[in-house]
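**Q** I'd like to ask you about the structure that follows.
Computed from the coordinates by the stated procedures, all read-outs in this text should not be read as laboratory data. Treat the numbers as computed from the prediction; the structure is a model and nothing was measured. So basically every Cβ, Gly included, is an ideal-geometry build from the backbone, and we count neighbours across all protein chains shown.
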Amino acid sequence: MIRKCWFLEYVRRSFRKKILDTADFANILFAGPCNRFCPFCIGKEVAENLNASNLSIFPPLGWQAFVAEVKRLQIGEVVFTGTTTDPHLYRYEAQLIDLVRADLPQAKISIHTNGALSLKKIKIFNRYDRACISLPTLNPQTYARMMGVPKVPDLRRIIEASEIPVKVSSIINEHNVDEVDLFLKQLSALGVKRVVLRRLFGDLRQWKILPDRVPVRYYRKNPVYEIDGLEVTWWNFDETASSSINLFADGTLSKEYLLVRAPAR
């Protein structure tokens, strides 16, 4: 029995070490004032010290430690994203793209943005390798309920001006759950190829998403469907097997995929 317990503990520790020594991507997180006012903003769930504004800091605090960890783990993608703000609001966005290219030449660079400034900054937008736009709906009334303002980014113009692949990410809640089928048809008509429908972290409500569809595969435990030329993933933060490292605005480097679990200082 002692030998068996020792072996099980060895396997558990070895498995945990393997998980900690891998990551799907690396996030550079921005914090500060935002141009949208989402009631479900992830920044509201993150420790306060991690959200110190860094929109005017270059390079980001903790940069060298971040670079070293990305190299050590051989991570292939660096994501510009945010906790309380949008990456396009970062004052040194173009300079940071240059720095990532120089310090981490093996990594692809992507942006996760709400799209509000993507047309205005289209030259910088097109310097990324790919983009993900957070967009829950094309309906102005629904958009206002979910994003705090009624002005929906012009997704058609963004796609027309884009020289990189554009994915759409849509949080699903009570305001837009009944619009999902229409929304997917609209995105398909606009030429979008990939969509991620996301359940809010901690939301236990069982939304009937794509009830008559059969997944063609699974990615990190999340079902993937093919619908009208779209690759549609139904993402559950609570169950996903994804992994990342995260450079927070105050310089904290966390290996917790779920941002809300990052330790406060």
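**Q** I'd like the antiparallel share, as a percent to the nearest 5, of DSSP beta bridges with both residues in region 2-260. Don't skip to the answer; put the middle values down first.
**A** Working: 9 of 42 bridges.
Antiparallel bridges: around 20 percent, rounded to the nearest 5.
**Q** Taking the Kirkwood radius as the inverse of the mean 1/r across Cα pairs, report the Rg/Rh of the chain. It would help to have the intermediate numbers written out before the result.
**A** Details: Rg = 19.2 Å, Rh = 19.6 Å.
Using only Cα positions, Rg/Rh for the chain is 0.98.
**Q** What spacing in nm lies between the two simple spin-label points modelled at residue 159 and residue 221, each 7 Å away from Cα in the Cβ direction?
**A** 3.2
**Q** With springs only between Cα atoms under 10 Å, which of 48, 163, 69 fluctuates most in a Gaussian network model of the chain?
**A** Sorting by GNM fluctuation, first place goes to 48.
**Q** In the structure displayed, which of 121/255; 44/221; 44/167; 108/221; 120/151; 71/121 lie more than 20 Å apart, Cα to Cα?
**A** On the way: 121/255 31 Å; 44/221 27 Å; 44/167 25 Å; 108/221 24 Å; 120/151 15 Å; 71/121 29 Å.
Pairs exceeding the cut-off: 121/255; 44/221; 44/167; 108/221; 71/121.
**Q** Distance from the Cα centre of region 213-230 to that of region 61-89, in angstrom?
**A** If we compute the Cα centre of each part, the gap is 28 Å.
**Q** So what's the back-of-envelope 222 nm ellipticity for the chain, counting only DSSP H runs of four-plus at -39500 (n - 2.57) apiece and dividing by all residues, rounded to 500?
**A** On the way: 7 runs with 71 residues, N = 265.
Estimated from H runs of four or more residues: -8000 deg cm²/dmol.
**Q** While we're on this one: Using Cα-only point scatterers and the Debye equation, what is log10 of I(q)/I(0) for region 157-203 at each q in 0.20, 0.28 Å⁻¹, rounded to two decimals?
**A** Debye output, listed in q order: -0.72, -1.08.
**Q** Springs between alpha-carbon atoms under 10 Å, Gaussian network over the chain: tell me which of 140, 33, 211 tops the mean-square fluctuations.
**A** In the Gaussian network model the winner is 211.
**Q** Relative to the present Cα-Cα distance, how much length would full extension add between residue 52 and residue 174 at 0.36 nm per residue of separation? If you can, show how the numbers build up before the last one.
**A** Values: separation 122, 0.36 × 122 = 43.92 nm, distance 3.10 nm.
Extending this stretch completely gives an extra 40.8 nm.
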